[in-house]
1. For segment B:205-217, which positions are closer than 19 Å to B:TYR171 by Cβ and not small (Gly, Ala, Ser)?
2. Name, by its number, the condition in (1) within 13 Å of the chain's Cα centre (by Cα); (2) not assigned by TED's automatic domain parsing to the domain that holds B:LEU110 that does not hold for B:LYS142.
3. Select the strands (runs of 3 or more DSSP E) contained entirely in segment B:162-244, then report the ones holding at least 3 residues which are in contact (Cβ under 8 Å) with a residue 40 or more places away in the chain.
4. Out of segment B:73-93, which residues are closer than 21 Å to B:ASP200 by Cβ, out of contact with any strand residue (DSSP E or B) (no Cβ under 7 Å at 6 or more places or on another chain) and either modelled with pLDDT under 95 or of a type in the set (Gly, Ala, Ser) (or both)?
5. Does B:ALA185 qualify as being crowded, with 19+ Cβ neighbours inside 10 Å and among the small types (Gly, Ala, Ser)?
6. Within 13 Å of another protein chain (Cβ to nearest Cβ), surrounded by 18 or more Cβ atoms within 10 Å (Cβ to Cβ) and not basic (Lys, Arg): does that describe B:GLY190?
7. Quick one: is A:SER85 free of Cβ contacts under 8 Å to residues at least 40 places away in the same chain and farther than 18 Å from A:PHE151 by Cα?
8. Out of everything in segment A:155-180 that is under 11 Å from the mean Cα position of the chain (by Cα) and aromatic (Phe, Trp, Tyr), what residue ends up being nearest to the other protein chains (Cβ to nearest Cβ)?
Amino acid sequence: MTPAEHFAAPPGWEWWILGYFFFGGLSGGSYAIGTLLRLVGTAADQRAARIAFIASFLALLPCPIFLIADLGQPLRFVNMLFDASNGGLAFKPWSPMSLGSWALLGFGLFSFVSFVGAVAESGWHAADPIARILRGTVGAVWNVIGTGLGFFVGGYTGVLLAVSNQPVWSDGWPLGGVFLASSLTGAAALLLLLANSRRDIDAGTTVRLALADRNFALLEIALIAVFVATVALAGTLLSLGVTTALAFGPGGGLLATGYRNGMVHIWKPGEHDQTVGVQPLDGQIDSLAWGPPSADGPLLLAAATAAGSLAVWVIEQRAGNRTGAANSAERVRRDSGNIPTLYLHKLR
Amino acid sequence: MGFFTDTSICIGCKACEVACKEWNQLEGNEPSLLLDSFDNTGQLDAQNWRHVEFIEHIPDNNGVVMTPTPIAGGQAWLMMSDVCKHCQNASCLEVCPTNAIVRTEFDTVLIQQDVCNGCRDCIAACPYGVIGFNEKTGTAHKCTLCYDRLQNGMQPACAKACPTESIKFGYLDDLQKVADQRLSALQTAGYKKAELYGRDATVYGGLNAFFLLMDKPEVYKLPNAQNAVLPSRNNLAGYAGGFVTAVIGLVAGVLAFRSNRMNGGTSDDAR
């Protein structure tokens, strides 16, 4: 597989966008936790649920401001929703930024109404009718849809970064999941902070929030590991880059280099195809050694890896002094001693 | 319509850059010297819609060519007038949330300046680093393939100015024929590594501005066919990963919030 290679320019998304990712994540995560507390929590959890819905809307407020401030033409923010060239809707489901703009709008509505309901329950009786509607089945449905949108707002930002041609971002698909898990972790931590600062929150609620926070953090750690693994597999991390062993051949005509990922290359200065790739071994190449010089016989190259493998290549120099590509890998001996595996390779 | 840029006859005079800036009234960036290179333009961006790239395979102070090239005994100056590729499947057009980026009646890719709101998603998407952000207009800019000149029956400024006809402008069919002839002539002459980039559909469905290269695409900072991928490749897996995470997150949350009910939790009349 060819390692991923990128020549894209950076988009220059800086503090406004970072701020949006942070507050958008807190908002979406808080709404989801509010819904969980409301639908599966105890009666004592309901105070915390109200705090979650209020926190969700307050965290959402700076988001559109940050996003609009980041635009080069802030007054054209409506172009995200309406196509300025034909007056129709600007809706491209395959563009995360387009989909996210609509999701943010929809989530804003759900978060606002739930906020008003929570404020009413906290004692602002002018909004009691809304609180009453949100209490029944309608309220449960409202919370579930709002949670879906909240999850989307928390996670699509990661997908947006991946749906690009930027190095690292676009080399791993789990970024959406990482952002979503992070929004849950951050929101749980925020609610825990708020709960601890208030006396009217049930101690059991605090314990359950801490437990949820731990669960979310474990999920986030696992996803970060998966993300790093996918980026490594794409070849952006831990690729050839690091040379761990070098050896000049007899007479200095050839140079062998070993790499961290177990690859060995033979270089022949002055030739077009100066590298001769050799099959990777199981682990970092720790040392390389050439066999004694011989007038016209085959050259020997040996490599030892950190994993304990030893490999020997027989390199036949053809007329015209060209080295060729590796063509066969033969395992000749397997031993359980100090040298677990001996590979014998032949180059023509 | 499109460009065929034949790098084998580019002499690095930068007339294309000058003509482009003149016609499109680009101010240019602050001058800078890249010290050991004749390439002092640096990159394509909002002010540079043509960029003559210099790839200098020349001996260093010890007489060693660090990255030998396949032609001329390993030593060569490769020059290439880089430009927006006007891809058939364009990454920038794909992600643009405002529909500011469109395909024109000339089959070129254009950023409508009165629609663009400067979100810069296209910059993150373009695999060639072509698009730049102009602080003054607050919008994204790139080569328009001289849209205004085309509408008035003129050829793009860079192609008109190019003294060696390294930059050729015309209908794609004609350009492809010329390119095929030129490639076979070069290969007959022994330039085995010469290749066409973007002439067929292997790179973004074909490039309306395609190239004849004297070395591998990567040498010219162009992704090879395996790495020429669209941003949308990550849509499905990205959202699926998010969905699975949401489900696991919900389960994790339900487990946490139900945990104390059995042993001494308060009564269960929620709400």
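The values are calculated or read from the model by the stated rules, or taken from the named source; none is laboratory data. This structure is a prediction, so every number in the text was calculated from the model and none was measured. Positions of Cβ are generated from backbone atoms using ideal geometry, with glycine treated the same way; all protein chains shown enter the neighbour counts.
1. B:LEU207, B:ASN208, B:PHE210, B:PHE211, B:LEU212
2. Answer for B:LYS142: the failing condition is (2).
3. B:167-170, B:209-213
4. Across segment B:73-93, the qualifying residue is only B:SER91.
5. Judged against the criteria, B:ALA185 is not a match.
6. The answer is no for B:GLY190.
7. When the stated conditions are applied, A:SER85 passes them.
8. So, considering only residues that are under 11 Å from the mean Cα position of the chain (by Cα) and aromatic (Phe, Trp, Tyr), the one nearest to the other protein chains (Cβ to nearest Cβ) is A:TRP173.
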